[in-house]
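A short worksheet on the structure shown next.
All of the numbers you see were taken from the coordinates with simple rules; none came from a lab. From a predicted model like this one, the values you see are computed outputs, not experimental measurements. Please note: Cβ atoms are built from the backbone with ideal geometry, for glycine as well, and neighbour counts cover all protein chains shown.
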Amino acid sequence: MSASSGTARVGTGIAGLDEMLGGGLPSGHVVLVTGLPGTGKTCFGLQFLAAGVARGEKGLFLSLEEDVAPLVESGRLFGWPIDEAIHAGTLKILRLDPKETRQNLQRIQGSFAKELAELAPKRIVVDSVSLLNMLSEDEPNRRQTLFGLAGACRASGATAILTAEADPTHPAVTRDGLSEYVADGVVLLGYSTAEDGRRVGLSLRVLKMRRTSHARTVQPYRIGPGGITVDAKAVDFGSGM
Ligand SMILES: Nc1ncnc2c1ncn2[C@@H]1O[C@H](COP(=O)(O)OP(=O)(O)OP(=O)(O)O)[C@@H](O)[C@H]1O
Ligand SMILES: [Mg+2]
């Protein structure tokens, strides 16, 4: 049986990663992309949406970190027509100002599902759920927001990427230690280190992806002029880590 049989796939736009996933993300999944600062989480999200735009699919970017202008500029530098897509109505970037805590939480816990139904995006990116979590004062509220957000994404039928900051002391888990449990899949972006601890490159691993087999190997990737490319050579669907 091939890795891609049975499940509709959504191409990530990231060369090599789709190969590791047996053809792409399973359609309708909510996937967490976690990593330390500078590992390319925002780039991953933009690239995922740009791949959708190239196929005429509507996308929504919910940004809690960067303003619209720098996101558009990042896209332009990578060669993705983010600005054009916004003007054409294929892409919407919603900037949630972390200072407006109460309004943002009310929106996500309340009207977000309805807003999604009206927009009908095929691809959603939330960058990042770490900042979203910081808006909540306590654990129950954090849970409610996170589960509500993932639920709204699932109900919309879109395929979603939630980015999250990795814990600096344990970079294989998120800071909140919660996001991985609401997600159908987890992609870990990280720094590969030499024996003396020097950061020598970037590498990626698919920690989980429900309803599909996937590579469990650690694969190097780079962020270049066209965005992220994963070196998926010698992909091994059998070996586990
Ligand atoms: N136009 C570009 N060309 C090549 N590499 C780039 C370009 N833009 C960004 N990068 C690389 O991508 C890295 C940052 O990527 P990105 O902002 O997506 O990371 P991030 O994980 O979202 O970081 P943070 O946690 O700070 O938000 C930069 O440190 C740089 O190495
Ligand atoms: Mg970022």
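At-a-glance table
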{"quantity": "The stretch 42-60, residues that are surrounded by 19 or more Cβ atoms within 10 Å (Cβ to Cβ) and either more than 17 Å from Q219 (Cβ to Cβ) or of a type in the set (G, A, S) (or both)", "calculated": "T42, G45, L46, F48, L49, A50, A51, G52, V53, K58, G59, L60"}
{"quantity": "The stretch 158-179, residues that are in a strand (DSSP E or B), closer than 26 Å to S111 by Cα and more than 15 Å from ligand 2 (Cβ to nearest atom)", "calculated": "T159, A160"}
{"quantity": "Looking only at the stretch 180-195, and only at residues there that are among the charged types (D, E, K, R) and part of a loop (DSSP other than H, G, I, E, B), the one that is nearest to V129 (Cα to Cα)", "calculated": "D184"}
{"quantity": "E57 charged (D, E, K, R) and under 22 Å from A152 (Cα atoms)", "calculated": "yes"}
{"quantity": "Residue match in the stretch 205-227 (condition: closer than 19 Å to L131 by Cα and more than 16 Å from ligand 2 (Cβ to nearest atom))", "calculated": "no"}
{"quantity": "Among (1) free of Cβ contacts under 8 Å to residues at least 24 places away in the same chain; (2) more than 15 Å from ligand 1 (Cβ to nearest atom); (3) under 27 Å from Y191 (Cβ atoms), the one test that A160 misses", "calculated": "(1)"}
{"quantity": "Count - residues of the stretch 15-38 that are more than 12 Å from the chain's Cα centre (by Cα) and either within 16 Å of ligand 2 (Cβ to nearest atom) or not small (G, A, S) (or both)", "calculated": "9"}
{"quantity": "Residue within the stretch 219-233 that is hydrophobic (A, V, I, L, M, F, W, C) and without any contact (Cβ under 8 Å) to a residue 60 or more places away in the chain present", "calculated": "no"}
{"quantity": "Of the criteria (1) more than 15 Å from ligand 2 (Cβ to nearest atom); (2) crowded, with 17+ Cβ neighbours inside 10 Å; (3) under 22 Å from G24 (Cβ atoms), which one A155 fails", "calculated": "(2)"}
{"quantity": "Residue among G56, G28, G38 that alone is part of a loop (DSSP other than H, G, I, E, B), more than 9 Å from ligand 1 (Cβ to nearest atom), of a type outside the set (D, E, K, R) and within 19 Å of L162 (Cβ to Cβ)", "calculated": "G28"}
{"quantity": "When residues of the stretch 72-87 are limited to those that are within 14 Å of ligand 2 (Cβ to nearest atom) and within 18 Å of T12 (Cα to Cα), the one surrounded by the most Cβ atoms within 10 Å (Cβ to Cβ)", "calculated": "G75"}
{"quantity": "Residues located in the stretch 87-124, provided they are polar (S, T, N, Q) and assigned to a helix (DSSP H, G or I)", "calculated": "T101, Q103, N104, Q106, Q109, S111"}
